[in-house]
Amino acid sequence: MNILSVLRHLNYRPWFALAEFVDNAIQSYITNREELRAADGVDAPLCVTVNIDPEGAGRITVTDNAAGIALRDFSRAFRPAQVPPDRDGLSEFGMGMKSAACWFAKNWSVRTKALGENVERVVRFDIDEIVEDRIEELTIIEVASQPQRHYTVLELTDLCHVPKKRTIGKIKEHLASIYRTFLRDKTLTLVFGRDELTFEETSVLKAAPFREPSSKPIEWRKAIEMDLGNPHKVTGFAALREVGSTTHAGFALFRRGRLIQGSADESYRPEQIFGKSNSYTFQRLFGELHLSGFEVSHTKDGFRWEEHEELFLELLKGELRVSPMNLLDQAEGYRAKQQNRTRDLENVAKTATNNVANVVERELAPVLEEETQHPANPPAVPLKIPVPSVSGFERTIEVRVSTTVWVLTIKASTDPTVSDWLRVGDATKPANDGMRQRSVQVERLASTSVRGAVRWN
C-alpha cells in the first residue's frame, strides 16, 4: 500500500489528472450504452460535472451519470495496478482513478450506484492512515437504493494540489480540448461548475495561393492518411488557421477519440515541421491526427514513440507538401495584411464611388442649368481618356438638364501606374429622339491608391 503515498509526487498536470475521472465515466457509458439507453432513453447523454472549491484545504467533486461501479468490479477498481479485462478503451492501466485521486488529495471517497443493483456503496480513502497502519482492507458502506438509478460521485478533500483561479481557467480550456471529439458527437456533456464546456473550433484560412493572388480562393485544409506499418496508422486532417496564433497553432494528437498530446496551448509543434517559434508556419499550421497502434504513458499525457516519431514526422511533412495543396509553402508565403489591404482598398473604392455618385445625382443638374444660362469658354479637351487597367466598383446614374440627358458611369480605379490627378474628355452627338447626348469623361484621384473614373454619356 506504500505506493499510494508515492502517487502524490507524480508529474501530473491538473487537467490530465481530472481527465482520468472523465475517462472512467466515458468508458463506463460506452461499455453499458445499451443498458443505459434502455433505462433512460436512446437520446440520454453522458453528463460529467466537475466542481472545484479552492478555499481552505480545497475540495474537488466529480459526478457522472454513467453505469456506476458494480460490486464485481470493486476489488479491481480500488486496488492499484489491477489491469481491466478489456484494455481497448480509455481505461487500460488500472491506475487512473487511484493515481489521480492520490495526486490531488490526502483524503478521497467514492459514492457509486451501479445500474441494476439495489444498493449504493461508499468507499473512503485516508492515505496517511492507510500507509501508516498498512491497511489492506477498506469497509464498504452500503445504503439501499432503487435498481434503475446509476451514478458515481468522487469527492477529494485536503488537497495536495489546489487549483487556483488562473489554473481553473486553464483546466476548463484543456478539458474541452481533450474531449472535443466526444463533445462534438454529443456522446458527452461536460460541465465545469455552472458552465457547460464547449470546444471552440478554429476557422480555416480561405484565400488564393500566395503565388497566384488573382486565382479563386480555396479552403486550406486537407485530409491526412498515413501507414507506418502494422499496426501503426494515422488519420485526420491538417489545415492553416485563418488568424495566426503563437499559442494555439499546432497539432492535436488523439488515441481512441481522446486527446493525448497537444491540448489547448500545449500543442504538438515539432521543429522538423514547424521550424522556429518566429516562423509563419509555427503560427498558422494546425490539425487533428488520430493515431492507432501506438502506446501512451500511464498518465495518458504523451505517446511512447520509441523509434516511430522520426518516421511519423517524415511522412507527415511529405503529406503537408503534396500538391496541389502545399500547406507548408502557403503557410510561409501567405501574408494576411496584404490580403486585408486589398479588401480594404475595395471597400474604400466602393464607398468613395457611392459618395461621388450621390453628390453628382443630387447637385449636378442645377449647376449645369446655370452653366447653360451663363456659358463659359472652357479650354479644349481631348475626346477620349484611357480606360484604367485595373477596375473596381462602378455605378451609373442619369441627370436630365434641359434637352440633354447626362448618363454618368462612375468607376473606381486601383491602377497604381496612373499618377494624373484629373483627366477630362468631351464629345457631343445627336440622339435618335432629337435630344443631345452629352459624353464627358472625368478621371480624378480619390486617394493615394484609389482613383475615380467618371464617364458622362
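Any read-out appearing in this document is the output of simple, stated calculations on the displayed coordinates, not a laboratory observation. This structure is a prediction, so every number in the text was calculated from the model and none was measured. Positions of Cβ are generated from backbone atoms using ideal geometry, with glycine treated the same way; all protein chains shown enter the neighbour counts.
A few remarks follow.
- Using a Förster distance of 45 Å, the FRET efficiency for residue 51-residue 271 (Cβ separation, nearest 0.05): 0.65
- The aspartates and glutamates whose alpha-carbon is closer than 19 Å to the alpha-carbon of residue 106, local same-chain residues fewer than 8 away aside, are 20, 53, 55, 126, 128, 129, 132, 133, 136, 137, 155, 158.
- Under 18 Å of direct C-alpha separation, and excluding same-chain neighbours fewer than eight residues apart, residue 276 reaches these lysines: 317.
- Close amide H pairs (under 5 Å, H built 1.01 Å from N) link residue 46 with 189, residues at least 5 positions away or on another chain.
- Relative contact order [Cα under 8 Å, 6+ residues apart], segment 3-196, whole percent: 29 percent
- Residues whose amide H falls under 5 Å from that of residue 204, counting only those 5 or more places apart or on a different chain, are 242, with hydrogens built in the peptide plane.
- Environment charge at residue 144 (Cβ cut-off 12 Å; Lys +1, Arg +1, Asp -1, Glu -1): 0
- Taking 0.36 nm per residue of separation and subtracting the Cα-Cα distance, full extension of the segment from residue 365 to residue 221 would add 46.4 nm.
- Approximate spin-label separation residue 214-residue 232, in nm, with each point projected 7 Å along Cα-to-Cβ: 4.7 nm
- For the residue pairs 186/233; 350/411; 164/300; 172/300, alpha carbon separations beyond 20 Å are given by 186/233; 164/300.
- Placing pseudo-labels 7 Å out from each Cα toward the beta carbon at residue 200 and residue 70 gives an inter-label distance of 4.3 nm.
- P(r), alpha carbons of segment 206-334 - 5 Å bins starting at zero, rounded %: 2, 10, 21, 24, 19, 13, 7, 3, 1, 0, 0
- The trypsin sites (Lys or Arg not before Pro) of segment 1-108 meeting both criteria, a DSSP state outside H, G, I, E and B (loop) and at most 16 other C-beta atoms within 10 angstrom of the site's C-beta, are 87.
- Loop sites in segment 239-278: trypsin sites (Lys or Arg not before Pro), DSSP, at most 14 other Cβ within 10 Å: 276
- Distance between modelled label sites at residue 321 and residue 126, nm, 7 Å Cα→Cβ extension: 6.4 nm
- In segment 133-232, GluC sites (Glu not before Pro) in a DSSP loop with at most 11 other beta-carbon atoms within 10 Å: 136, 137, 200, 201
- Applying 1/(1 + (r/R0)^6) with r as the Cβ-Cβ distance of residue 134 and residue 298 and R0 = 30 angstrom yields a FRET efficiency of 0.75.
- Normalised per residue, the volume of the convex hull around the Cα set of segment 3-196 (Å³): 123 Å³
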